[in-house]
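Values quoted throughout were computed directly from the atomic coordinates according to the rules given, and no laboratory measurement underlies them. In this text, all values refer to a predicted model and were calculated from it rather than measured experimentally. Cβ placement follows ideal geometry from the backbone for every residue including glycine, while neighbour counts extend to all protein chains displayed.
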């Protein structure tokens, strides 16, 4: 089995205590129990330079991945990886502020919790040289409400909570714009970054409250509607109504397998990416998460 221990999560993730009722409700009846072996014979794991070989003859590599859906996807492909001679050992099932640094310095072999715009920003900020070994899935950002069932019910004076980190605030503001509630400055699309200062007009006189992403769901009752990532909604098990959602098509915010530069060519990493991008995993994602997680293009 994949091993894991929890840490404090930050950025696009938060510590998950459970997958939540929504994840259970969205799961197909056979999605989590059906075992499908993915052919990974194209990858010679014996040539991997990562990890060590355990007593069972499997090459063990280490990773940090968030619980939902990241660790669940890794667990799904575990039999296929082991058939190919590979085992992923999760040293944590929640990322934190040290995860990228641990990947950079080789303490872990890969991480699976963030999208490339975030990782690239951290590269530039911290002097890391992490690379994207493969796009895996998109967790669309969505607008939820316990008060409304349709975007048409949103009215002047309503208050919405949105995440305040650069990339997710941009995503939240973009879906507000797509629904005709605000208009953003055209320049934000070139940077994939925006704040409320980027709003040039309000088509609805709504109040936008910027919050740390970890605080949005715990305080959701204070708002008429709120915008958050679907993995947070799944982990919290919320039953709020979905008002509108980001599209998964050509979405630049796919969650990735991030590795130290050069390791993207290691056969162990390539096998993990190939398994996660397989048709079997695509089908599993579509059946289990019912649109809350979308396979990457």
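Taking 0.36 nm per residue of sequence separation and subtracting the Cα-Cα distance, how much length would be gained by fully extending the chain between residue 35 and residue 195, in nm to one decimal?
Difference between extended and current length: 53.2 nm.
So the label point goes 7 Å from the Cα of residue 179 along Cα→C-beta, right? Which residues of segment 241-269 then have their backbone N under 12 Å from it?
241-246, by backbone N distance to the label point.
Using only Cα atoms, tell me the angle between helix 166-178 and the longest principal axis of the chain; keep it within 0 to 90° and round to the nearest 10.
Orientation of helix 166-178: about 50 degrees from the principal axis.
Do you know the relative contact order of segment 128-241, to the nearest whole percent, from alpha carbon pairs under 8 angstrom that are 6+ apart?
Relative contact order here is 41 percent.
For all pairs of alpha-carbon atoms in segment 141-245, what percent lies in each bin of width 10 Å, listed from the first bin to the last filled one?
In order of increasing distance, the bins hold 16, 54, 28, 3 percent.
So what's the back-of-envelope 222 nm ellipticity for the chain, counting only DSSP H runs of four-plus at -39500 (n - 2.57) apiece and dividing by all residues, rounded to 500?
For the chain, the value works out to -8000 deg cm²/dmol.
Take the Cα coordinates of segment 23-179, assign each an equal point scatterer, and use the Debye formula without solvent to give log10 I(q)/I(0) at q = 0.12, 0.14 Å⁻¹.
-0.71, -0.90
Roughly how tilted is helix 267-276, in degrees to the nearest 10 and between 0 and 90, from the longest Cα axis of the chain?
50
Quick one: length gained pulling residue 126 to residue 153 fully straight, 0.36 nm per residue minus the C-alpha distance?
Length gained between residue 126 and residue 153: 5.3 nm.
Which FRET efficiency, nearest 0.05, do residue 107 and residue 219 yield, Cβ-Cβ r, R0 30 Å?
0.30
Relative contact order for the chain: what percent, with Cα pairs under 8 Å and sequence separation of 6 or more?
Reported as a whole number, the value is 30 percent.
Would you mind getting me the FRET efficiency between residue 286 and residue 247? Use the beta-carbon distance for r and R0 = 22 Å, nearest 0.05.
Efficiency, from the Cβ-Cβ distance: 0.90.
Compute the angle between helix 279-289 and the longest alpha-carbon principal axis of the chain, please, reported from 0 to 90 degrees and rounded to the nearest 10.
40
Among 258-266, 215-223, 100-108, how do they line up from the highest to the lowest mean number of other beta-carbon atoms within 10 Å?
The packing order, highest mean first, is 258-266, 100-108, 215-223.
Per 10 Å bin, what is the whole-percent P(r) computed from every C-alpha pair distance within segment 187-233?
Calculated over all Cα pairs of segment 187-233, the distribution is 19, 45, 33, 2 percent.
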